[in-house]
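The values are calculated or read from the model by the stated rules, or taken from the named source; none is laboratory data. Quantities reported herein were computed from a predicted structural model and do not represent experimental measurements. In this analysis, Cβ positions are derived from the backbone assuming ideal geometry, glycine residues included, and neighbour counts consider all displayed protein chains. Accessible surface areas use protein heavy atoms only, side chains included; no ligands, DNA or RNA. Shrake-Rupley method; radii C 1.70, N 1.55, O 1.52, S 1.80 Å.
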Protein chains: 4
Amino acid sequence: MGSVYGNIFKISTFGESHGRAVGVVIDGCPAGIEIDESFIQSELDRRRPGQSKITTQRQEDDKIEIVSGVFEGKSTGTPICMLVWNQDQRSKDYSHIAEKFRPSHADYTYAEKYGNRDYRGGGRSSARETLARVAAGAVAKKALSQYGISIQAYVSQVGKIKLETPYQELNLEETESNIIRCPEPNLAMKMIEYIDQVRKDCDTVGGVVSCVIQNTPVGLGEPVFDKLHAELGKAMLSINAVKGFEYGSGFDGIAMLGSQHNDEFYINDNKVRTKTNHSGGIQGGISNGEDIYFRVAFKPVATIMKDQNSIDAKGNTTTVSGKGRHDPCVVPRAVPIVEAMAALVILDFMLLARTNKA
Amino acid sequence: MGSVYGNIFKISTFGESHGRAVGVVIDGCPAGIEIDESFIQSELDRRRPGQSKITTQRQEDDKIEIVSGVFEGKSTGTPICMLVWNQDQRSKDYSHIAEKFRPSHADYTYAEKYGNRDYRGGGRSSARETLARVAAGAVAKKALSQYGISIQAYVSQVGKIKLETPYQELNLEETESNIIRCPEPNLAMKMIEYIDQVRKDCDTVGGVVSCVIQNTPVGLGEPVFDKLHAELGKAMLSINAVKGFEYGSGFDGIAMLGSQHNDEFYINDNKVRTKTNHSGGIQGGISNGEDIYFRVAFKPVATIMKDQNSIDAKGNTTTVSGKGRHDPCVVPRAVPIVEAMAALVILDFMLLARTNKA
Amino acid sequence: MGSVYGNIFKISTFGESHGRAVGVVIDGCPAGIEIDESFIQSELDRRRPGQSKITTQRQEDDKIEIVSGVFEGKSTGTPICMLVWNQDQRSKDYSHIAEKFRPSHADYTYAEKYGNRDYRGGGRSSARETLARVAAGAVAKKALSQYGISIQAYVSQVGKIKLETPYQELNLEETESNIIRCPEPNLAMKMIEYIDQVRKDCDTVGGVVSCVIQNTPVGLGEPVFDKLHAELGKAMLSINAVKGFEYGSGFDGIAMLGSQHNDEFYINDNKVRTKTNHSGGIQGGISNGEDIYFRVAFKPVATIMKDQNSIDAKGNTTTVSGKGRHDPCVVPRAVPIVEAMAALVILDFMLLARTNKA
Amino acid sequence: MGSVYGNIFKISTFGESHGRAVGVVIDGCPAGIEIDESFIQSELDRRRPGQSKITTQRQEDDKIEIVSGVFEGKSTGTPICMLVWNQDQRSKDYSHIAEKFRPSHADYTYAEKYGNRDYRGGGRSSARETLARVAAGAVAKKALSQYGISIQAYVSQVGKIKLETPYQELNLEETESNIIRCPEPNLAMKMIEYIDQVRKDCDTVGGVVSCVIQNTPVGLGEPVFDKLHAELGKAMLSINAVKGFEYGSGFDGIAMLGSQHNDEFYINDNKVRTKTNHSGGIQGGISNGEDIYFRVAFKPVATIMKDQNSIDAKGNTTTVSGKGRHDPCVVPRAVPIVEAMAALVILDFMLLARTNKA
């Protein structure tokens, strides 16, 4: 259970870090969506390991292969299977931890839950699974772009280095201009330097990815349980290493008064608008047409290049030594993952919203 | 869509603020659970309006009525319907806002999404719906208590007044000893005074509810999408007025290094334990047997007793004036709601976990 | 599990034969559907016990009560709860079978599955549950009638008395003109006489309900698993006492040759039509615009007024003696139930079909 | 929508007749199930085209490839992806029908529903999709065999040639001894001769597959909608070319009296048994421990080697001429498909049943 996501646009992901392949089946993709393999590949490239000095140095092509559901360049309404064959497996890198439980990894919980465990590179619990999300998300993003909807994520914090500028004052086109994916170039440089230092210290650090969704219609989200922000929250929290989610005013809204926090309605160009947007584009769990924005907190990567005390499967005390090639900070590669999950949520709600009225 | 929640222990809630009743149908409740009407009622009483000077002064009994699924005091495995009849309807209180869109309420989004709208007291978007969750959650809580699992929420912040003490150093039995439901009595008093002042100022303020779940078995949560914290996050974010969710180290974990953040495994009393618990009891989306803890951010209540500018359904500028009896701060009444939603998530995962092994 | 049905138009039924009430919550009903209480009641009246000499003589009003989801006569898009309070409970009638397993009833299987059992009148396994389906189906039927779709069921067989005339040659308006609900008056009379004789013999007999759905658009059904006829089949088989389902040529189609069975396409009035309709309006699991028709087999009612050998919960041999007031043949009251389930399936697929194209 | 099936043991199939591959992802397979590739292959071989003179002469290896979810020969509890690459594609065989709607095929309905269509060999509507079901079903069958449950299907009718012997008097081990898969050798020979004659006449014919499930525990099935026979019915009706389903006494039970049809309970060897089994092993939608048996009706294959009148996508009259290599009768190859779908249903209910009691 747990590897199927979505109501109408429903994805089923499969594959382990060091298995044969990682992939996804999309059931419920509307027919007639342009399926642009090069766009899907470009999204995967944004997530790809080895893309810069501040990501893992593993080199994997992550070449997408479309197996079904597409005919003459368009979706046919039948299941779309896409997969990436694993190349750089190096299973021996992991033999040293086959019996050990790495601290703050999923080794112990998987072993207990399932009774057995594919220990190679974390198996199914590896963040490599997220490439399947990015591939499916690329299809969703393309569909959404046909409706004029854009989804843009960026890094807004690394360790204590925080981008305080609100997104409205940023040029989000700058995001891809640097390897940390922060649209403020000076801060980006500081973040990069900091991560580089942390890496040299054989350590890791956390960060925040912010995301802005623009041009959504009014009416997305299905209260009372499937509120738009509840589903966005679940989607983000399901990404590896995520520890928190907030939208609109978020945790900072706590200390505001209602009279400060409320977003006043007015009419502009015959459109209903709000003067402020503490609601983050969502009221009562339903999009109100304003920009949707949210922040996602990522913890420091659990694999560090230092020795750590731990235990093995037999309960013996042992030492875990980080080996292999890992990310010192997950956020630059998390940017396309956040966008992908957001696209899946928004498209699914777009399709559901078609059923709201007689 | 959107009013059904859960995989096995599945609830379907119904009812509007000023309709005839609010209730819930639970499908998939295991047979043989003791259904204790007085316990369900006591949980509803914790959520009830009019319970103290810092909550709304509306007086409603919220008397639970069990309609089906129970025989000789126990669940039979068939659907349990429970409902509360609405008594204090006062529909006329709302006639003044029938055509107006109240700022930061769901009036506009519901009207657009559905094309029509039950404007009486917010209709379905009213937090009155949460009593159905509390009733279902009480059944789940009772079931969990049979397995020794406890769920305890408390208020940890109101405006800027923040309880910094970690939960381990608090006496959570104190939570119910004061009307704000903060287990630290001195801080509780400050919070109460502050809310009282805000209320006199015809304003509202936000807060945080923290929650601790103890004695869960290892193995709850279904990666990769239905991770335990992802589902807890969705459940919490689906509660009215929630703007953020974090678990374990949460947003504060961002600035930590991996070497500080990782939770070292050791053996204690033949049990696998971790020395710290930045993971919040969840690793790889699966419970690891340590305490699960999380924080839920609530915004200031949107209904304030001040005049606000807004528009009506025809797009005309208008003024909205708060009337009726509303909460100046939602958190004291949110405590049992947070617990209820947590209980629904945990019990559902307990049942799913029975299917994990051959 | 198992009391929730549908994808978008999703119903959750509750209640036992001798509990407090039987009812349903509809989640996902589109907003703006006219909710006509008198029509819902009239459908319930067609299912009501005591309506004629060939049905059970239990007298129950089965008065529908709408609890939520309707405002100013229309659905609001929020959950619609409807229920019927049980009046004629006579629990004592059932004390004699509290510990006995009635042959071909659900007594034994419920007791084993759940470990306890509400033995009063069959509890949840009673066909009384179907009134919830009829109420929900009435809402769906009304919605479908707005799109011009009609659903008409009728009795086509009782014991060996079989209506051989194809539905196209029948006047289906005649169905409600007699108490057996067979549109061929002479045959209807024979069926009624036969049932009356069976009843006097303290026995019961089975029958067939046929159903015709007209004016559906092309495109309903979601292959490969949720084919239109697969879902219709499940819906019908889920009705109490049903033993078989066939559509179009059904079991008789087996012995045909492909060259006889294939439905030739042609154009009529600029519409794609087929010359024959062995396909029963469904090709590849998707409606093709022709009439959908199917047949549902009902077994003889298990409760007979004769003594039968059986065992009790302790494994002792015992005798079960039919008491109370029961149907000698279920089909006349099954007609509205078959229509209701068909309406639920068709409306759900109508809503899903809105998501098929970009 | 529609290509995902199951509640816990959930499969998602993908692939078209002439696309790159056909496959399946199983989510929710319990960990620790032996995954026996050779057994899966042997099941596929039973379904394989070209296996005898009475099946299509297309030659395809249908070699299974396991992509994920298996480690050291056992399921790990994570998604199992399996696929078969298409080899014998011959797309040009189909160019002649690219614009034509073949009678009683899914060409027209797919084209209308989705607006575009992969016309090569029927695309997604081809029965080639069922190999994914057989692969997933083989995993389920293996799991069930660990619990001692057996599932055996066989051909019981071809055209008018009908096997009247009840299954109890047959030696089901004989089923695989002949190419029609009928356990009565003399009748098998007649069926084979008849099909051979039909094939020479360039025509096709229908048939029936019967199925017996033995050694199931009491308690499978989830009333009121997910009754065991309702889900079996849906599963069977979702197979290509199926027109009807009946279980236990089925359509023949209609004409019986209740006093004849009821299955008397008695105790044998300390087990609750019934003297007859008109119930087909299912009472109230729940297995009662007796043998489950049912019959599935298949129509004659729509592709015949004769010219037929039809229309094309522009509405012009045209002639469709059967080409390529097709089955004259689908039932011998349908036997493993029926077994596979039954295995999926039974295993899913086995897992769900673990959640029935506290």
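Here are a few things to note about the model shown:
- Failed criterion for D:THR78 (all others in (1) more than 14 Å from chain C (Cβ to nearest Cβ); (2) surrounded by fewer than 24 Cβ atoms within 10 Å (Cβ to Cβ) hold): (2)
- Number of residues in segment C:212-225 that are open to solvent by 20 Å² or more (accessible area, probe 1.4 Å) and either at pLDDT below 95 or at the interface with chain D (Cβ under 7 Å from one of its Cβ atoms) (or both) equals 1.
- Those residues of segment C:316-350 which are in contact with a strand residue (DSSP E or B) (Cβ under 6 Å, 6 or more places away or on another chain), touching a residue at least 40 places away in the same chain (Cβ under 8 Å) and open to solvent by 20 Å² or more (accessible area, probe 1.4 Å), in sequence order: C:THR318, C:SER321, C:VAL330
- B:ILE267 part of a helix (DSSP H, G or I) and β-branched (Val, Ile, Thr): no
- Filtered by the rule that a residue be open to solvent by 10 Å² or more (accessible area, probe 1.4 Å), under 21 Å from A:GLY221 (Cα atoms) and of a type in the set (Gly, Ala, Ser), segment B:226-249 gives a lone residue, B:ALA241.
- Hey, A:SER279 in a strand (DSSP E or B), at the interface with chain B (Cβ under 7 Å from one of its Cβ atoms) and buried (at least 24 other Cβ atoms within 10 Å of the Cβ) or not: no
- Segment A:309-326: number of residues that are part of a strand (DSSP E or B) and at the interface with chain B (Cβ under 10 Å from one of its Cβ atoms): 7
- Residue list for segment B:247-303, restricted to those being closer than 23 Å to A:ILE304 by Cα and among the hydrophobic types (A, V, I, L, M, F, W, C): B:PHE251, B:ILE254, B:ALA255, B:MET256, B:LEU257, B:PHE265, B:ILE267, B:VAL272, B:ILE282, B:ILE286
- A count restricted to segment A:236-249 and to residues that are more than 7 Å from chain B (Cβ to nearest Cβ) and assigned to a strand (DSSP E or B) stands at 1.
- Scan of segment B:108-128 for residues that are among the polar types (S, T, N, Q) and either in contact (Cβ under 8 Å) with a residue 40 or more places away in the chain or open to solvent by 10 Å² or more (accessible area, probe 1.4 Å) (or both), ordered by number: B:ASN116, B:SER125, B:SER126
- A:GLY73 falls short on exactly one of the conditions (1) open to solvent by 10 Å² or more (accessible area, probe 1.4 Å); (2) in contact (Cβ under 8 Å) with a residue 40 or more places away in the chain; (3) more than 20 Å from the chain's Cα centre (by Cα), and that condition is (2).
- Scanning segment D:129-173 for residues that are open to solvent by 20 Å² or more (accessible area, probe 1.4 Å) and of a type in the set (Lys, Arg) yields D:LYS141, D:LYS142, D:LYS160, D:LYS162.
- The single condition among (1) surrounded by fewer than 21 Cβ atoms within 10 Å (Cβ to Cβ); (2) small (Gly, Ala, Ser); (3) modelled with pLDDT of 95 or more that C:ALA313 does not meet is (3).
- Any hit, segment A:26-33, residues being over 18 Å from A:ALA136 (Cβ atoms) and more than 14 Å from chain B (Cβ to nearest Cβ): no
- Pair list, Cβ under 6 Å, 6 or more apart: segment B:227-240 residue under 7 Å from A:LYS234 (Cβ atoms), other residue modelled with pLDDT of 95 or more and among the charged types (D, E, K, R): B:ALA230/A:LYS234; B:GLY233/A:LYS234; B:LYS234/A:LYS234
- Number of the condition not met by A:ILE195 [criteria: (1) buried (at least 23 other Cβ atoms within 10 Å of the Cβ); (2) touching a Ser or Thr at 6+ places or on another chain (Cβ under 8 Å); (3) among the aliphatic types (A, V, I, L, M)]: (2)
- Checked against (1) free of Cβ contacts under 8 Å to residues at least 40 places away in the same chain; (2) open to solvent by less than 20 Å² (accessible area, probe 1.4 Å); (3) within 14 Å of chain B (Cβ to nearest Cβ), A:ILE8 passes all but a single condition, namely (1).
- Residue list for segment A:283-295, filter: assigned to a strand (DSSP E or B), more than 8 Å from chain B (Cβ to nearest Cβ) and open to solvent by less than 40 Å² (accessible area, probe 1.4 Å): A:ILE292, A:PHE294
- The single residue among A:VAL134, A:VAL155, A:VAL139, A:VAL84 that is within 27 Å of A:ARG295 (Cβ to Cβ) and either in contact with a Cys (Cβ under 6 Å, 6 or more places away or on another chain) or outside any helix (DSSP H, G or I) (or both) turns out to be A:VAL155.
- Candidates in segment C:27-62 are the residues that are touching a strand residue (DSSP E or B) at 6+ places or on another chain (Cβ under 6 Å) and open to solvent by less than 10 Å² (accessible area, probe 1.4 Å); of these, the one that is nearest to B:GLY15 (Cα to Cα) is C:ASP27.
- Residues in segment A:250-276 that are within 7 Å of chain B (Cβ to nearest Cβ), touching a residue at least 12 places away in the same chain (Cβ under 8 Å) and open to solvent by 10 Å² or more (accessible area, probe 1.4 Å) were compared, and the one that is nearest to B:LYS160 (Cα to Cα) is A:MET256.
- Considering the conditions (1) surrounded by fewer than 24 Cβ atoms within 10 Å (Cβ to Cβ); (2) at pLDDT below 95; (3) of a type outside the set (Phe, Trp, Tyr), B:ALA353 is excluded by exactly one of them, (2).
- Yes/no for C:LYS299 being farther than 25 Å from D:LYS113 by Cβ, surrounded by 24 or more Cβ atoms within 10 Å (Cβ to Cβ), facing chain D (nearest Cβ under 9 Å) and among the basic types (Lys, Arg): yes
- Scanning segment A:174-187 for residues that are open to solvent by 60 Å² or more (accessible area, probe 1.4 Å) and out of contact with any Ser or Thr (no Cβ under 8 Å at 6 or more places or on another chain) yields A:GLU174, A:GLU176, A:SER177, A:ASN186.
Residue-by-condition table, conditions (1) at pLDDT below 85; (2) under 19 Å from D:HIS18 (Cβ atoms); (3) within 14 Å of another protein chain (Cβ to nearest Cβ):
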{"residue": "D:ILE35", "(1), (2), (3)": "no, no, yes"}
{"residue": "D:SER42", "(1), (2), (3)": "no, no, no"}
{"residue": "D:ARG47", "(1), (2), (3)": "no, yes, no"}
{"residue": "D:ASP61", "(1), (2), (3)": "no, yes, no"}
{"residue": "D:GLY73", "(1), (2), (3)": "no, no, yes"}
{"residue": "D:LYS92", "(1), (2), (3)": "yes, yes, no"}
{"residue": "D:LYS100", "(1), (2), (3)": "no, yes, yes"}
{"residue": "D:LYS113", "(1), (2), (3)": "no, no, yes"}
